[in-house]
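Okay, structure first, notes after.
The values are calculated or read from the model by the stated rules, or taken from the named source; none is laboratory data. Keep in mind that this is a model prediction, so the values were computed, not measured. The accessibility values were calculated without ligands, DNA or RNA, using every heavy atom of the protein model including side chains. Shrake-Rupley method; radii C 1.70, N 1.55, O 1.52, S 1.80 Å.
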Amino acid sequence: MIKNICLSLSLLLLFTHAYAENWEHLFDNPKYQNVKISPDGKHLAVAMDTNGKRSLAFLNRKNMKYVGGAKLPDNNEVGEYFWANNERVVIKISRQEPWDRESKFTGELYAINVNGSDGRMIHGYSSLIADRPSQRSGKFKKKKQIKGWANVINTLPDNKNDILISSTPWDELGEKTEDNGLSSVYKLNIYNGKINKKRIAKSPIPYATFLSDNRGELKAVYGIDKNNSTQLYFRKDKKWQHISSENFGGYFHPVAINNGGTHLLAIDNFNQDIAGLFKMDLSDGSYKNIFTDEKVDITDVEVTKDNNNIYALRVDDGFPAYLMTNQSFREAQVFKGLVGAFPNQEMNITSKSKDDKLFIVAVSSDIEAGRFYLYDSEDNKLSTLLSYFPQIKPDQLAYKDPFSFTATDGTPISGYFTEAKYLKEGEKAPLVVLVHGGPNSRDYWGYSSQTQYLALNGYSVLEVNFRGSTGFGVKFKKSGYLQWGTTIQQDIKEAYQWAIDSGKAEKGKSCIMGASFGAYSAITSVINYPDTYQCAIANAGIYDLELMYEEANKPQQFFGGSDLENSLGKYHGKLKAMSPVNHTDKIEVPLFLAHAKQDRGAPFEHVERLKEALDKSNKKYNWYVMANENNGFYVPENQKKYMKQVISFLDQHL
């Protein structure tokens, strides 16, 4: 029962740290994962971990007592959720499949009352029945099967019974059919799951995302065509009008329709390198840049809870920073004040009361995984509610600091350095160079259980945003194309040299580590620079680049066809030269190879081929395989076992 494991706030505040030296609990699922307040401000909906599954608990805001909740049966769990009115919450159902340990949205919607009553499927392709139905834990009522994948377009705050959704036929999502799975837009009753028979609109494009104004009127839709290109349409006189792709850039990502319903707001790089904020006039399609940072892409936007007004932009040039774009809303004014109260930290407003008096704020940092606060704007009072990990105190953790340097060819490179915790004055800890995956992704400042675990076990950590990383403009991303085994690895090596020159690390006391592309880098780096690193740790790696093009291994799951060709090219000789399996004779340091047999992103055959090549070269390595896991390990207990082996390996070789 959720009631039995739901702790009161007073007990949480008294909870003391019980892990003196064993830091494995860093890999536990966060206890409390989200908090949202009801429109009338009387209740809180708290997403929490219950025996490894995400459930929902409803609390009385004033006394923090449990009043109801939802715990879904079988392998289903609570995904995103929102208050549809003062008494009812709509939940997006997530599901864990045997081949994919991380739960994902299934396209199904479930609704339940704040007291735990009248829980039912309101849209989806399956009928769920709880094993032991309980009025207070959320009963699943049988319902006629609807084979559709739902996306919520607008919660229709002024309509207490309906929400606006798009529904894509499930059969057509799973297998392409004649109409390519085109979505339809309906009003959905949140109490009985009935759809208004009158279809409001049908998408002209597959994989559609609809945008509406604050009244729920459709204004635009965008999707992906058969050539993998983004297509945009405006809604005029109940018809779709196509907008030429020449009118926007390749980064195009719509985020909102403004409050007046006159402009579409988007993150884009139209006619420029860095992704900024743009607005498009819905009357004539004219497009204008509002703001672009000099160095980095916009990371995120803060949007009013009606999803119709952007009031702040986030950029990550080192620490996260917020730029206010509109302060006319009470929500924006509150956000600005809270940014001042939590400088250089990640922050967002998860929800607010309809009268703009009460706000739920989520704050996180490098030493705080996440903490939720209640802000009373009338009394100007900020109160702590719950945290991701109640048993972890921020002062026990290690700080992560941004750094930057100029590569030998003049390219600016940045990243983050975390010094090992509990060092003696003047002492330098051995260094783990932790390489991010992708390579088309990036490292951010913020909390990382893996980084903290390494730092708390005596190892400093260096994270590098090498060429090919995203977030620094198109040119920087493309500068990593065809450079997997060369320039990218040089950037990482030069970052390590920066750490030595800066007095943060010692030469001859480092190990390179990573997962996915990071694993590729770890093995490639010890091949390219045999005297630089003392060991390498590789998890879920890509080791034979030619294998990525073989149909049997479905490379589209890892990259997608066009991205794969852009990043690697198709020249056989180049692929062979950049593949670690062909150069194992050059490896002179200990290796730790980890992989999951069920890995669909980086198929297990990659590490099998590397193992075979290492055996032929008479090279020694540690072999760590998990049978029932996916890419990078997801299950907390498996992460704990893996990282314990990692520390043992590091202790032995550094």
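Annotations for the structure displayed:
- For the chain, averaging the sequence separation of C-alpha pairs within contact (under 8 Å, six or more residues apart) and dividing by the residue count gives a relative contact order of 8 percent.
- Accessible surface ranking that places the most exposed of R199, R609 first, with a 1.4 angstrom probe: R199, R609
- Using the rule -39500 (n - 2.57) for each DSSP H run of four or more residues, divided by the residues of the chain, the 222 nm mean residue ellipticity is -5000 deg cm²/dmol.
- Computed from backbone phi with θ = phi - 60° and the Karplus coefficients 6.51, -1.76 and 1.60, the 3J(HN,Hα) list for the range 456-471 is 6, 9, x, 10, 6, 10, 10, 10, 10, 9, 6, 4, x, 5, 8, x Hz; x is used for glycine and proline.
- E246 - accessible surface, heavy atoms, 1.4 Å probe, Å² rounded to 10: 150 Å²
- Ordered from highest to lowest accessible area with the whole protein assembly present and a 1.4 Å probe, Y373, Y251, Y207 read as Y207, Y251, Y373.
- Residue-wise HN-Hα coupling along the range 192-204, computed from phi with Karplus coefficients 6.51, -1.76, 1.60 (Hz; x: Gly, Pro): 10, x, 7, 9, 4, 4, 7, 5, 6, 6, 10, 5, x
- Shape call, the chain: gyration tensor on alpha carbons, a/c limit 1.5: prolate
- Within the accessible area of the chain (1.4 Å probe), percent carbon and sulfur: 45 percent
- Whole-angstrom gap from the range 442-462 to the range 364-386, using each part's C-alpha centre: 24 Å
- Scanning residues 5 or more positions from G601 or on other chains, those with amide H under 5 Å from its amide H are N631, with H placed 1.01 Å from N in the peptide plane.
- Amide H partners (placed H, <5 Å) of F403, local residues excluded: G415, Y416, F417
- Each residue of the range 340-350 was assigned a 3J(HN,Hα) from its phi angle through the Karplus curve 6.51 cos²θ - 1.76 cosθ + 1.60 (θ = phi - 60°); the sequence is x, 7, 10, x, 6, 10, 7, 8, 7, 8, 7 Hz, with glycine and proline shown as x.
- With all protein chains modelled, accessible area of F633 [1.4 Å, Å²]: 20 Å²
- For the range 591-651: rounded, prolate or oblate by the Cα gyration tensor [a/c cutoff 1.5]: oblate
- Taking every protein chain into account, the 1.4 Å probe leaves H253 with about 90 Å² of accessible area, to the nearest ten.
- Taking a ≥ b ≥ c as the square roots of the eigenvalues of the alpha carbon gyration tensor, the range 209-330 is oblate, as a/c is not under 1.5 and a/b does not beat b/c.
- Accessible surface, the range 510-654, averaged per residue in Å² (probe 1.4 Å): 42 Å²
- Normalised by the number of residues in the range 41-81, the mean separation of alpha-carbon contacts (under 8 Å, six or more apart) gives a relative contact order of 32 percent.
- Put simply, the amide H of G480, placed in the peptide plane, has neighbours under 5 Å in G468, leaving out anything fewer than 5 places away on its chain.
- Solvent-accessible surface of the range 274-331, averaged per residue with a 1.4 angstrom probe and all protein chains in place: 43 square angstrom.
- Compared with the dominant Cα axis of the chain, that is its longest principal axis, helix 517-528 is turned about 10°.
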